[in-house]
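A.B. asks: First the structure, then my questions, so here it is.
The values are calculated or read from the model by the stated rules, or taken from the named source; none is laboratory data. Note that this is a predicted model, so its numbers are computed, not measured. We place every Cβ from the backbone using ideal geometry, glycine too, and count neighbours over all the protein chains shown.
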Amino acid sequence: MNLHAVRAIYRFEMARTFRTLAESILAPVLTTSLYFVVFGAAIGGRMGEIEGVSYGAFIIPGLVMLSLLAESVSNASFGIYLPKWSGTIYELLSAPVSTFEIVLGYVGAAATKSVMLGVLILITARFFVPYEIQHPVWMVGFLLLTAISFSLFGFIIGVWADSFQKLQVVPLMVVTPLTFLGGSFYSIHMLPPLWQKIALFNPVVYLVSGFRWSFYGISDVDPMLSVLAILGFLALCMGGIFWIFRTGYKLKA
């Protein structure tokens, strides 16, 4: 493996993050803090517990997942789209660097940024709401798998997009709505029976549910289904990237 190439791509992407620290890290943390103030303190104080957990603590896993999905997709898609837009992608493709090494550099950096953000949000939450993590190993596992999977998904979006506007289409029109409807701020058991069944077709439900289980031991679906869902999505994204590099889709035209 060409570790020098992987390290160069990774360090370049991480350096870009620290050059835009306010937009990359501080803005999402401040936005999430507002959610804690509004939903956790103002609204949560007027609501009862959900399955034995205070509302403010209940929404923490959902808020982390909301930021994690959005930032993973955004970081990875912009990271690969920028060299496409500037034309430097051809230098990368002609260099002695394999597909795996390119993806490892870009996706590794995007996933690292997302995990950093997730940890910062968890630290920030401590200032607003007390919470516990019953299964820390599973929590870290869900955090890493989700960050990697959606960074791979973002990489695919970055290859597919041919304008800066298109980079925002899937995150704004698909990922964010699915996350809000995926039980981030409520349990799907609170929905009418018909909508509970419909909600099970939302893949984000399994991510949020599994992540919440790692905190409080409660979930809307079986935690093993959550693990299988994220592993299946990971495999699907890896297959998509393999096909992109094999065919040169929107890279070699």
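A.B. asks: So, in the range 15-38, how many residues would count as being more than 21 Å from the chain's Cα centre (by Cα) and either modelled with pLDDT of 80 or more or not basic (Lys, Arg) (or both)?
C.D. replies: Taking the range 15-38 and keeping what is more than 21 Å from the chain's Cα centre (by Cα), we get 19, 37-38.
This time we only want the ones that are either modelled with pLDDT of 80 or more or not basic (Lys, Arg) (or both), so: 37-38.
Of the residues in the range 15-38, 2 are more than 21 Å from the chain's Cα centre (by Cα) and either modelled with pLDDT of 80 or more or not basic (Lys, Arg) (or both).
A.B. asks: Let me ask something additional. Given the conditions (1) among the hydrophobic types (A, V, I, L, M, F, W, C); (2) outside any helix (DSSP H, G or I); (3) modelled with pLDDT of 85 or more, which single one is not true for Phe127?
C.D. replies: (3)
A.B. asks: Could you tell me whether Ser214 is in a helix (DSSP H, G or I) and polar (S, T, N, Q)? Can you show your working first?
C.D. replies: Details: in a helix (DSSP H, G or I): yes; polar (S, T, N, Q): yes.
Against the criterion (in a helix (DSSP H, G or I) and polar (S, T, N, Q)), Ser214 qualifies.
A.B. asks: Then there's this: Kindly indicate whether Gly182 is closer than 13 Å to Leu68 by Cβ, assigned to a loop (DSSP other than H, G, I, E, B), under 15 Å from the mean Cα position of the chain (by Cα) and not hydrophobic (A, V, I, L, M, F, W, C).
C.D. replies: Details: closer than 13 Å to Leu68 by Cβ: yes; assigned to a loop (DSSP other than H, G, I, E, B): yes; under 15 Å from the mean Cα position of the chain (by Cα): yes; not hydrophobic (A, V, I, L, M, F, W, C): yes.
The answer is yes for Gly182.
A.B. asks: Same structure, new question: Among the residues of the range 140-155, is any assigned to a helix (DSSP H, G or I) and either modelled with pLDDT under 85 or at positive phi (or both)? Give the derivation first.
C.D. replies: So in the range 140-155, the residues assigned to a helix (DSSP H, G or I) come out as 140-155.
Restricting the remaining residues to those that are either modelled with pLDDT under 85 or at positive phi (or both) gives none.
Within the range 140-155, none of the residues are assigned to a helix (DSSP H, G or I) and either modelled with pLDDT under 85 or at positive phi (or both).
A.B. asks: Here is a follow-up. Of a type in the set (A, V, I, L, M, F, W, C), out of contact with any Ser or Thr (no Cβ under 8 Å at 6 or more places or on another chain) and farther than 30 Å from Ser219 by Cβ - does that describe any residue in the range 147-162?
C.D. replies: Yes: one or more hits.
A.B. asks: Of (1) within 24 Å of Asn75 (Cα to Cα); (2) not in a loop (DSSP other than H, G, I, E, B), Asp162 satisfies all except one. Which?
C.D. replies: Going through the list (1) within 24 Å of Asn75 (Cα to Cα); (2) not in a loop (DSSP other than H, G, I, E, B), Asp162 breaks only (2).
A.B. asks: For the range 185-198, indicate whether the set of residues that are of a type outside the set (Val, Ile, Thr) and closer than 28 Å to Tyr106 by Cα is non-empty.
C.D. replies: no
A.B. asks: Filter the range 199-227 for residues that are among the small types (Gly, Ala, Ser) and closer than 14 Å to Pro136 by Cα and give the result. It would help to see each step written out before you state the result.
C.D. replies: Going through the range 199-227, the residues among the small types (Gly, Ala, Ser) turn out to be 199, 209-210, 214, 217, 219, 226.
Across the range 199-227, the qualifying residues are Gly210, Ser214, Gly217.
A.B. asks: So, one more: Got a number for residues in the range 196-253 being closer than 19 Å to Phe155 by Cα and among the charged types (D, E, K, R)?
C.D. replies: So the count comes out to 3.
A.B. asks: Moving on. Does the range 208-219 contain any residue that is within 27 Å of Thr32 (Cα to Cα) and surrounded by fewer than 17 Cβ atoms within 10 Å (Cβ to Cβ)?
C.D. replies: Yes: the range 208-219 contains one or more residues that are within 27 Å of Thr32 (Cα to Cα) and surrounded by fewer than 17 Cβ atoms within 10 Å (Cβ to Cβ).
A.B. asks: Is it the case that the range 72-82 has a residue that's under 11 Å from the mean Cα position of the chain (by Cα) and under 16 Å from Gly182 (Cβ atoms)? Quick ask: steps written out before the conclusion?
C.D. replies: The first filter runs over the range 72-82 and keeps only residues under 11 Å from the mean Cα position of the chain (by Cα), leaving 72-76.
Okay, now just the ones that are also under 16 Å from Gly182 (Cβ atoms), so 72-73.
Yes.
A.B. asks: Starting from the range 146-164, take each residue that is closer than 14 Å to Val103 by Cα and list its partners that are assigned to a loop (DSSP other than H, G, I, E, B), counting only C-beta distances under 6 angstrom and pairs at least six apart or across chains.
C.D. replies: Listed by first residue and then by second, the contacts come to Val159/Lys250.
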